[in-house]
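The values are calculated or read from the model by the stated rules, or taken from the named source; none is laboratory data. Owing to the predicted nature of the structure, the values given are computational and were not obtained by experimental measurement. So basically every Cβ, Gly included, is an ideal-geometry build from the backbone, and we count neighbours across all protein chains shown.
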Amino acid sequence: MSSVIKFFKRGNKSSGIAAIGNTFLAVVKGVAAATSGSGTMLATTLHSVADALNQFFVFIGSSISEKEATKRFPMGFGRVVNLFVLVAVIIISIMAYETIIKGWELIQHPKASTNLWLNIAIMGLALLVDGAILFKAMKEIAHETRTEAKGAGLIANAFKNVSRAAPPTRLVFYEDLIATFGALLALVTIVLADLTGYYFLDGIGTLLIGVLLIGIALKIGYENTVGLIGVAAPKELEDRIAQTILSDPDVVDINKLRIIQEGRHYHVESYLELRKGLTLADADDIKYRVRDKVLTDPDVDDVVMGIIEADDIQTWKLEN
């Protein structure tokens, strides 16, 4: 039992909360869609079902990705989460297709929906829940990227730094950004269709939600395919690691520095040039000292470090 609890504790918090919230919304919206016959409500129900499934998959994937490296898998399991997110993308794509088909059908054969106030109440609840999940994802982005942001500043900070956040957090942010906008769009189209009698607006709202889902699927799919291949660390992290290495008084230059993202952590490979006149034993001690210093960075999971003869040519220069 304790191992199961430990397994779930390792999972990404944003995706876990989002999975629970969207499961609740999917049930409530499903009841409303069945009783009202609203196509837009059905579209947002499918969206919530897709979100709940996706975020559950990603939560499990993020838990597995935190496992320690083994002899068989010496690089660890970091990229497993990217694979799980790609499975989530397939689900999003299927839901997007079904939503677009439903929207087109409602445009061709519009019909009035019932229980207007029930639909409004459900969409209002969806806005609150999806908005709260989105806000949580924004806070998680600030935490993971170690950026200072509060209040309204969280929004700008999230858009600026989302590419540096963990794959599960990025998925939750993008999905619930669309979910929140979709709930607002559904609310507007449901009310307009009822007030004006232009019931095809219900179909247009449904169609637009499907198109937005396709956009998110393409965006997340691309980012996680890149993550599976192996992508370099952002410039900010590279500069931070280089600064940590060069801050050691015995390191005179960095001959090579390669940082690859593994899930939400980074693998560092570097070759150092040390000051001349050191014995092999002293050089070894310095190498391990610098390695241990780099490993204190919370974003770094693994470091491979070597020593190369100093060539009196400054290869690495930090930008001010």
- prompt: In segment 82-94, how many residues are within 9 Å of ASN224 (Cα to Cα) and either surrounded by 22 or more Cβ atoms within 10 Å (Cβ to Cβ) or not assigned by TED's automatic domain parsing to the domain that holds GLU223 (or both)?
  reply: 2
Which listed residue is in contact (Cβ under 8 Å) with a residue 24 or more places away in the chain, in contact with a Ser or Thr (Cβ under 7 Å, 6 or more places away or on another chain) and assigned by TED's automatic domain parsing to the domain that holds TYR271, from ASP239, ASP248, ASP253: ASP253
task: Kindly list the number of the only condition in (1) surrounded by 15 or more Cβ atoms within 10 Å (Cβ to Cβ); (2) touching a Ser or Thr at 6+ places or on another chain (Cβ under 8 Å); (3) modelled with pLDDT under 80; (4) not small (Gly, Ala, Ser) that fails for LYS136.
output: (3)
- prompt: Within segment 65-81, how many residues are charged (D, E, K, R) and more than 17 Å from GLY227 (Cβ to Cβ)?
  reply: 4
message: Just the residues that are within 24 Å of ALA137 (Cα to Cα) and among the basic types (Lys, Arg), please, taken from segment 52-103.
response: LYS67, ARG79
Output for segment 131-154, where each listed residue is touching a Phe, Trp or Tyr at 6+ places or on another chain (Cβ under 9 Å) and either of a type in the set (Lys, Arg) or over 21 Å from VAL87 (Cβ atoms) (or both): LEU134, MET138, GLU140, ILE141, LEU154
statement: Among residues of segment 114-125 being surrounded by 24 or more Cβ atoms within 10 Å (Cβ to Cβ) and touching a Ser or Thr at 6+ places or on another chain (Cβ under 8 Å), the residue farthest from ALA166 (Cα to Cα) is ASN119
Residue count for segment 113-170, restricted to those that are without any contact (Cβ under 8 Å) to a residue 60 or more places away in the chain and assigned to a helix (DSSP H, G or I): 22
query: Are there any strands (runs of 3 or more DSSP E) wholly within segment 202-320 with 2 or more residues that are exposed (fewer than 13 other Cβ atoms within 10 Å of the Cβ), and if so which?
result: 300-308
